[in-house]
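To start, the structure itself, in structure tokens.
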Amino acid sequence: MGADEAVVFVDAVHPTHQVRPAGCWAPKHVAIAVEQTTGRDRLNIHRAINLETGRTQILEVEKVDGPSLIELLGEVERTHTAMRLIHVFLDNASYHKAGIVKERLAKAGRKVVLHFLPPDCPHLDTIERLWASMHENVTHNRDYKTFGEFRREVINFLRHTVPKHWKRFCDRITDNFRVIHRADFRVLA
């Protein structure tokens, strides 16, 4: 991969406005209860993340589909203007392979190259660990009284908290993937 190439992971998540009870410790004789919300509204979020920089693009969409992926890939291209190629890794969702997406990427001037992860391998999709961090930090054991409050907290975490504190989240999200900077290594051919 050249210095003028970037790697981005793309996926969608659909957090639902409901309390997600998660494990906690308490003495055996203490009953634990989590107040429940009254709704089941959900967000549809399409997101891209560059593991090297923590740079992120996030779209809240009505429906996660081919057109929303095209819109997200356009955002990725607009934020990686200095790159000749942008390698986008994603899972095998049908909308990722939709004809409309293939047609758009076949047009001249497109920088994005799609790479599909093996089926049934969410452990290879680092953005899945981002979703886990989102749930741990925003939705687990938390009761948001309104959908608006819930939406604001989820979007704020993904759009602002993660990029701002990328060094804190990086190792957790990248797991066994390590970001290697060219300046730190000499490649022998």
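The values are calculated or read from the model by the stated rules, or taken from the named source; none is laboratory data. Everything quoted here is computed from the prediction, not taken from an experiment. With ideal geometry, Cβ positions are generated from the backbone for all residues, glycine too; neighbour counts draw on all protein chains shown.
At a glance:
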| quantity | calculated |
| --- | --- |
| Test result for residue 127, at pLDDT 90 or above, assigned to a helix (DSSP H, G or I) and within 18 Å of the chain's Cα centre (by Cα) | no |
| Close pairs (7 angstrom Cβ cut-off, 6 or more residues apart or separate chains): part of a loop (DSSP other than H, G, I, E, B) in region 79-103, β-branched (Val, Ile, Thr) anywhere | 80/86 |
| Failed criterion for residue 82 (all others in (1) out of contact with any Pro (no Cβ under 9 Å at 6 or more places or on another chain); (2) surrounded by 16 or more Cβ atoms within 10 Å (Cβ to Cβ) hold) | (2) |
| Residue match in region 33-54 (condition: of a type in the set (Asp, Glu) and surrounded by 13 or more Cβ atoms within 10 Å (Cβ to Cβ)) | yes |
| Candidate set: region 106-141, residues that are of a type in the set (Lys, Arg) and buried (at least 17 other Cβ atoms within 10 Å of the Cβ); chosen: the one farthest from residue 93 (Cα to Cα) | 111 |
